[in-house]
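Trainee: For reference, the structure I am asking about is given below.
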Amino acid sequence: MTLVLLPGMDGTGQLFASFIAALGTGYNVKVVVFPPAEPLGYKELEQIARAALPIDGPYIILGESFSGPIAVSLAASGSPNLKGLILCCSFLSNPRPIFSAFHSLIMILPRVPVSLLARVLFGRFITRELQVALTQALSLVSLSVIRARLQAVLAINVSSQLSVVKVPVLYLRASRDQVVPASASALIAKLNPRTRIIELVAPHCLLQAFPIKAAQEVNTFVRELQSGF
């Protein structure tokens, strides 16, 4: 079994380090990395992720935050090797519709100080180590890329794709998420009854703030899928 990890908006995959360590060695882990200097949209990023999928064995896709729509689109393709879909603090469409009005302003959006961004992503769970890790990851990504990905979020909608996903779905929801509201996971569960929602007391960056707890839930899900086939 291979667990394919699709990263959040930074796209570097570096922020998965602690989570991967907590997963253990029960299966293979493959991290998809998005280009840090090319301002691509969801369609192009999906092509990159699709090319990275295993072709000769079973796999599960985990889409974190920004990458959730990509994970859903890939799962909707119906590959016989896909055994499960995991979404972490993610969405099918713009989780904050009010920001759609600022679509044109994103292209002049300045780089947000990491200290401020960290407060939004980690809330009261922020630590110096987490802020350093976030700083290092974002330092690798150009501002034009961040702007392009923010614009992509405002326009995306993969609701129809989720409705045809046939594999079991696990949604990891953070009760202290300041980015993606609970309504996002509620919609996912409504459109796909095979969805199991697990809520943890955590911030938006759940996998980074609580890697051990998250890994436990993912490992349980994977074991259940393995026992099924």
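Trainee: Rounded to the nearest whole Å², what accessible area per residue is found for the chain with the 1.4 Å probe?
Mentor: Per residue, the chain has an accessible area of 46 Å².
Trainee: With the crude spin-label approximation of a point 7 Å out along Cα→Cβ, what separation in nm comes out for Arg111 versus Gln216?
Mentor: Between Arg111 and Gln216, the label points sit 3.8 nm apart.
Trainee: Let me ask you something else. Give me, ordered by chain and number, the residues 5 or more places off Asn94 or on other chains with an amide H under 5 Å from its own placed amide H.
Mentor: The answer is Ile156.
Trainee: Please build a GNM for the chain, connecting alpha carbons under 10 Å apart, and tell me which residue among Leu206, Leu116, Leu87 fluctuates the most.
Mentor: Leu116
Trainee: Same structure again: In whole Hz and in residue order, list the ³J(HN,Hα) couplings for region 42-48 that follow from phi through the Karplus curve 6.51 cos²θ - 1.76 cosθ + 1.60, θ = phi - 60°; x for Gly and Pro.
Mentor: 4, 4, 5, 5, 5, 4, 5
Trainee: Let me ask another. Relative contact order for the chain: what percent, with Cα pairs under 8 Å and sequence separation of 6 or more?
Mentor: On the way: 411 pairs, mean separation 59.3, N = 229.
So the answer I get is 26 percent.
Trainee: Same structure again: Can you work out the FRET efficiency for the pair Glu38 and Ser159, with r the C-beta to C-beta distance and R0 = 30 Å, to the nearest 0.05?
Mentor: 0.65
Trainee: Could you give the dipole magnitude of the chain about its Cα centre, charging the beta-carbon of Lys and Arg +1 and that of Asp and Glu -1, in debye to the nearest 20?
Mentor: Values: 19 positive and 11 negative charges, 77 e Å.
Approximately 360 debye in magnitude.
Trainee: For Gln178, what charge total do you get from the other residues with a beta carbon under 11 Å from its beta carbon, if Lys and Arg give +1 and Asp and Glu give -1? Each step should come with its number before you reach the end.
Mentor: Details: positive: Arg96, Arg119, Arg124, Arg176; negative: Asp177.
Taking every other residue near Gln178 into account, the sum is +3.
Trainee: Which of these, Thr25, Thr127, Thr12, has the largest mean-square fluctuation under a Gaussian network model of the chain (Cα springs below 10 Å)?
Mentor: Ranking Thr25, Thr127, Thr12 by mean-square fluctuation puts Thr25 first.
Trainee: Moving on to the next point. Keeping the other protein chains in place, figure out the carbon and sulfur percent of the accessible area of the chain, with a 1.4 Å probe. Before the final figure, lay out each step's value.
Mentor: On the way: 6130 of 10450 Å².
On the chain, the fraction of accessible area on carbon and sulfur atoms equals 59 percent.
Trainee: Run the numbers on region 121-229 and let me know its relative contact order in percent, using alpha-carbon pairs under 8 Å that are six or more apart.
Mentor: Numbers: 88 pairs, mean separation 34.6, N = 109.
That works out to 32 percent.
Trainee: Tell me, rounded to the nearest percent, the portion of alpha carbon pairs in the chain spaced more than 25 Å apart.
Mentor: Details: 9047 of 26106 pairs.
Counting pairs separated by more than 25 Å, the tail of P(r) holds 35 percent.
Trainee: Which of the lysines could be linked to Lys30 by a straight reach, that is with a Cα gap under 17 Å, when you skip same-chain ones fewer than 8 residues away?
Mentor: Partners within reach: Lys83.
Trainee: Please list, in chain and number order, the residues 5+ apart from Arg176 or on another chain whose amide H is under 5 Å from its amide H, with Hs placed from the backbone.
Mentor: Ala202
Trainee: Right, here's the next one. How big is the charge dipole of region 101-229 about its Cα centre, in debye rounded to the nearest 20, if each Lys and Arg gets +1 on its Cβ and each Asp and Glu gets -1 on its Cβ? Intermediate results must be reported in sequence, preceding the final value.
Mentor: Details: 14 positive and 5 negative charges, 19 e Å.
Taking the Cα centre of region 101-229 as origin, the dipole is about 80 debye.
Trainee: Just to be sure I understand the model, the point goes 7 Å from the Cα along the line to the Cβ. What's the resulting Arg194 to Ser142 distance in nm?
Mentor: 3.9
The values are calculated or read from the model by the stated rules, or taken from the named source; none is laboratory data. Keep in mind it's a predicted model, so treat the numbers as computed, not measured. Backbone-built Cβ (ideal geometry, glycine too); neighbour counts: all protein chains shown. For accessibility, only protein heavy atoms count, side chains too; no ligands or nucleic acids. Shrake-Rupley method; radii C 1.70, N 1.55, O 1.52, S 1.80 Å.
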